[in-house]
1. Only one of these conditions is not met by residue 214: (1) of a type outside the set (S, T, N, Q); (2) closer than 30 Å to residue 44 by Cα; (3) open to solvent by 40 Å² or more (accessible area, probe 1.4 Å). Which number is it?
2. I'd like to check which strands (runs of 3 or more DSSP E) are fully inside region 258-353 and have at least 2 residues that are within 21 Å of residue 192 (Cα to Cα), at pLDDT 90 or above and of a type outside the set (A, V, I, L, M).
3. Just to be sure before I move on: is residue 9 open to solvent by 40 Å² or more (accessible area, probe 1.4 Å), of a type in the set (Gly, Ala, Ser) and within 20 Å of residue 128 (Cβ to Cβ) in the structure I sent?
4. Residues that are in contact with a strand residue (DSSP E or B) (Cβ under 9 Å, 6 or more places away or on another chain) and small (Gly, Ala, Ser): find the strands (runs of 3 or more DSSP E) completely inside region 149-197 holding 1 or more of those.
5. Applying the selection to region 38-61, what residues are of a type in the set (Lys, Arg) and surrounded by 19 or more Cβ atoms within 10 Å (Cβ to Cβ)?
6. Regarding region 83-96, can at least one residue be identified that is more than 26 Å from the chain's Cα centre (by Cα) and within 15 Å of residue 140 (Cα to Cα)?
7. Within the group 104, 79, 113, which residue is among the charged types (D, E, K, R) and crowded, with 18+ Cβ neighbours inside 10 Å?
8. Can we say residue 64 is surrounded by 21 or more Cβ atoms within 10 Å (Cβ to Cβ), on the phi < 0 side of the Ramachandran plot, in contact (Cβ under 8 Å) with a residue 60 or more places away in the chain and β-branched (Val, Ile, Thr)?
Amino acid sequence: MFSNGFCNSDIQKGYKLTLAVPAEYSLGFIGRAFLIETDQIAPNFRAAVSVEAVNGKFSCSLEVLLGDVKVWNSGHYSRFYVSEKCVLELTKDGDLRLKGPNDRVGWLSGTSRQGVERLQILRTGNLVLVDVVNRVKWQSFNFPTDVMLWGQRLNVATRLTSFPGNSTEFYSFEIQRYRIALFLHSGKLNYSYWEFKPSKNRNISFIALGSNGLGLFNDKGKKIAHIYSQRLQPLRFLSLGNRTGNLALYHYSANDRNFQASFQAINKTCDLPLGCKPCEICTFTNSCSCIGLLTKKEKDKSDCGCGEIAVGFCGRNRVEMLELEGVGSVLRDGPKMVNVSKEECASMCTSDCKCVGVLYSSAELECFFYGVVMGVKQVEKRSGLIYMVKVAKGTQRGRGKRNLKKWVLILVGVVDGLIIVLVFGGLAYYLIRRRRKKSLACDNSS
């Protein structure tokens with residue numbers, strides 16, 4: 001990474017900056033030209049033009065950093081790929097633009113002829129375009145990405161999003177009228193996996209991040225609920241993790257000179273939607289195990305894969321349901337049916353081509369339908385939950401339904417069993433070695 005350390009206090013209209021793009025692609029390359037910064041004790045906010053190597057190309061963007069943490073980026077939802085050069089320009093008619101070769105515009109603020117005079121960055125990290133009397137005409141706070149900063153306010157129907165690398169799924173943190181929640185999105189399918197609701201069914205109007213936590217407010221601006229930080233240091237930002245989809249509040253540690261989590265919404269690996277890969281089960285020891293539907297050819301691979309799980313197929317003559325006792329799912333808010341039997345639940349999935357699995361609650365007589373096999377985890381058998389996956393017809397033939405069920409459940413515990421064997425084996429080895437050393441010491445002393 002290389003950086004141009006020059007910063008102004010603000011940028012006037014008519015300003016133009018060009019950042020060169022490397023001729024050859026280099027994995028991990030990030031080049032930045034810093035534009036403006038806040039007058040604060042480090043870590044402070046800085047705005048920069050950035051060129052970053054992504055997916056074999058170079059992305060051009062405008063970004064805001066808190067210390068070394070990227071907290072806003074113009075290309076969060078749609079990257080602007082360029083060659084040769086990345087140009088930032090605040091035009092004379094007040095439009096902030098990113099351009100590539102031949103003046104091709106890849107991003108703009110849309111503020112032409114609105115009286116914009118300059119670009120500033122506030123002490124809150126809000127990047128703003130203002131007129132001659134400092135009225136805000138555009139601000140980055142109105143276009144949230146995957147981070148919410150101290151002092152920032154998000155209204156109902158707003159959301160943060162994050163995109164895991166090399167994945168078609170993405171996460172979102174959404175502010176709804178009756179709750180705040182985390183969601184996993186896969187194609188057109190949306191499932192929640194964490195939520196926080198105000199008591200007494202009170203409605204949310206907006207949320208705001210303060211020094212000691214995240215506040216939820218009603219239409220009159222009165223705080224109705226609060227998620228508190230678990231540390232004394234003042235909070236700086238909230239972030240939705242790109243890799244895990246976890247929500248966390250962060251403070252700055254002056255001793256360690258980095259940002260650390262003061263609160264995490266999810267504290268167990270198996271409660272994350274992608275704690276394990278698709279078609280894997282997260283076990284009690286936070287290890288991942290294949291569901292057990294692999295072909296002989298696939299068994300030699302390190303990646304489980306989804307094997308014989310029937311995706312896009314339906315009909316009793318083509319598919320059947322494989323039952324997994326003691327297995328549940330962290331995914332919620334999918335389609336469900338109530339007051340149904342286990343057999344009816346399974347039958348509805350076999351008839352629905354979009355269904356690949358169901359979760360049945362024998363206690364509540366509820367059937368939850370899934371279009372993905374993700375977020376699957378081991379649960380106590382007494383919970384009354386039964387997870388069923390759709391497989392090709394005849395998968396159970398030759399083994400017997402009862403035997404196959406046992407075979408699958410054994411696979412769930414294979415990793416756990418190996419861990420126990422290794423622990424006790426290592427302990428036995430240590431005790432034997434220790435006893436031998438004592439015996440040798442006694443022989444030498446005699």
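1. All conditions pass for residue 214, except number (3).
2. Once the strands (runs of 3 or more DSSP E) in region 258-353 are filtered for at least 2 residues that are within 21 Å of residue 192 (Cα to Cα), at pLDDT 90 or above and of a type outside the set (A, V, I, L, M), what remains is 258-264, 280-282, 327-329.
3. The answer is yes for residue 9.
4. Answer list for region 149-197: 159-162, 169-175, 180-186, 189-196.
5. Passing the criteria: only 46.
6. Yes, the conditions are met somewhere in region 83-96.
7. 79
8. yes
The values are calculated or read from the model by the stated rules, or taken from the named source; none is laboratory data. From a predicted model like this one, the values you see are computed outputs, not experimental measurements. Positions of Cβ are backbone-derived with ideal geometry, glycine not excepted, and every protein chain shown enters the neighbour counts. Note: accessible area is taken over every heavy atom of the protein model, side chains too, but ligands, DNA and RNA are not part of it. Shrake-Rupley method; radii C 1.70, N 1.55, O 1.52, S 1.80 Å.
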